[in-house]
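The values are calculated or read from the model by the stated rules, or taken from the named source; none is laboratory data. This one's a predicted model, so the numbers in the text were calculated from it and none came from an experiment. Cβ atoms come from the backbone with ideal geometry, glycine included; neighbour counts cover every protein chain shown.
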Amino acid sequence: MTSETARHSFQPSDILPVSTDLLPFGVEDDAFTAFWERWSAWKAAAASNSIRAMTNGMKRFADWARERGHRLLPADPAAVSLFLEDEARDGRSPATCAQRVAALALLHRLASQPDPTKDELVRWRLTNIRKSYGRPQAQALGLRIKGDVNDIKNDDATGVSIEGLILEATKLGETLGEEPASIADRRTALTLRRDAAMLSIAYDAGLRAEEVVRINEDDIATSTDGDGLLSIRRSKTDQIGEGAEAHLSHDAIAHLEAWFAAADKAGGLDGPIFVGVTAAAQLSTKALKPAAVTESFRRLAALYLKAQRPAGTLTAEDKVVLSTISSHSARVGACQDAIAYGDDLIGIMNSYRWTSPAMPARYGRKLLAGRSSAARFHREVRKTSGQ
């Protein structure tokens, strides 16, 4: 795109992360055109989560600077330092504050302005925030196949588990779907069938929310023995679309086929397999948004927990459990179960498409502690030393 084309087609509200009146150049300046083109190019190359995080950080500082009369570009390192302290005092985690720094650094690079985040004052402030406000990052509850069990192969499922959630959803879905059924019951039955298939596939393949909602019918192939193979065309760690494959169990394929059968009675699917269900118990043509994956998992967990309570009402403890479930819970649980089964971190990275062992090690740190050399020594030597 040329500079002249950029000037004539520019729509500030459509593309820029901050208001143009905060910029150090006018919209007719070449510097502005260069900034816009660099921002557009970065957005085209970046992952959607990165775009949201960086844009949010830029807007947060822009609003803060406007309210206090500080300059946005180039920002004063002292102002950035004060901004970070305010963010920390408002409850933002050290990780979020570090993300704000990354957003401001990006903004200044795109605008070809001196980067205030390289100043020692900003770095010292971030170090101080880590020391003063540091706490373990909240982790989504791992939805494991049998729940929190010691022997994943032989123990029965217990508590909030993949097996328990899907079993409860399947039972209710079958009951509500029996004819004659009201529109409301058919809608609930459809939703539960979809949610059960979604959870089963997300667990088997260790999917992120964006990967779940991108699945189309032609991304899944089945074998003669009932297992399946999922083609993941693009992911957070594969922005150029080289693709990957993930194995799907016989159970996941069975739940998927049950969802397809129910969907066929409601108009059928065309493209995305995880779509919305309308109030009239018909299927939407559009894929669910990533945020809907969290809603689905929490809906299944709430259904299961209510079934365990004599009054069918969630307790305060149940509500806390639900708040820890997110779209990432199936991926976390898959990682934890792989560790419990005895897989090493390299194998888990390959199976679930991590580029570093840091995240699987974090998700499974309690399980890994129980498998450590110290744990083996304690069980085999120290356990008998006092006898």
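Any chance region 295-303 includes a residue that's modelled with pLDDT under 90 and under 18 Å from Arg208 (Cα atoms)? Checked against the condition, which is being modelled with pLDDT under 90 and under 18 Å from Arg208 (Cα atoms), region 295-303 yields no hits at all. Against the criterion of being modelled with pLDDT under 90, closer than 22 Å to Arg130 by Cβ and not aliphatic (A, V, I, L, M), Gly91 qualifies. Within region 304-314, the only residue that satisfies the criterion of being of a type in the set (S, T, N, Q) and in contact with a helix residue (DSSP H, G or I) (Cβ under 8 Å, 6 or more places away or on another chain) is Thr313.
Does Leu104 qualify as being under 23 Å from Thr55 (Cβ atoms), surrounded by 18 or more Cβ atoms within 10 Å (Cβ to Cβ) and not polar (S, T, N, Q)? So Leu104 passes the test. Among the residues of region 31-70, just one is of a type in the set (Phe, Trp, Tyr), under 16 Å from Arg109 (Cβ atoms) and without any contact (Cβ under 8 Å) to a residue 24 or more places away in the chain, namely Phe32.
Scanning region 343-387 for residues that are loosely packed, with under 13 Cβ neighbours inside 10 Å, among the aliphatic types (A, V, I, L, M) and either modelled with pLDDT under 85 or touching a Leu at 6+ places or on another chain (Cβ under 9 Å) (or both) gives Ala369, Ala374, Ala375, Val381. Just to be sure, is Leu199 in a loop (DSSP other than H, G, I, E, B) and within 24 Å of Ala244 (Cβ to Cβ)? Considered against the rule, which asks whether it is in a loop (DSSP other than H, G, I, E, B) and within 24 Å of Ala244 (Cβ to Cβ), Leu199 comes out as no. The residue that is farthest from Gly142 (Cα to Cα), among those in region 343-366 that are among the β-branched types (Val, Ile, Thr) and not in a loop (DSSP other than H, G, I, E, B), is Ile346. Taking the criterion of being under 29 Å from the mean Cα position of the chain (by Cα), surrounded by 15 or more Cβ atoms within 10 Å (Cβ to Cβ) and modelled with pLDDT of 90 or more, would at least one residue in region 63-71 satisfy it? Looking for residues that are under 29 Å from the mean Cα position of the chain (by Cα), surrounded by 15 or more Cβ atoms within 10 Å (Cβ to Cβ) and modelled with pLDDT of 90 or more, one finds at least one in region 63-71, hence yes. Search region 183-201 for residues being closer than 14 Å to Ala279 by Cα and among the small types (Gly, Ala, Ser), and hand back the single one that is farthest from the chain's Cα centre (by Cα). Here the answer is Ala184.
Arg130 fulfils the conditions (1) surrounded by fewer than 17 Cβ atoms within 10 Å (Cβ to Cβ); (2) in contact with a Gly (Cβ under 8 Å, 6 or more places away or on another chain); (3) not aromatic (Phe, Trp, Tyr) except for a single criterion, (2).
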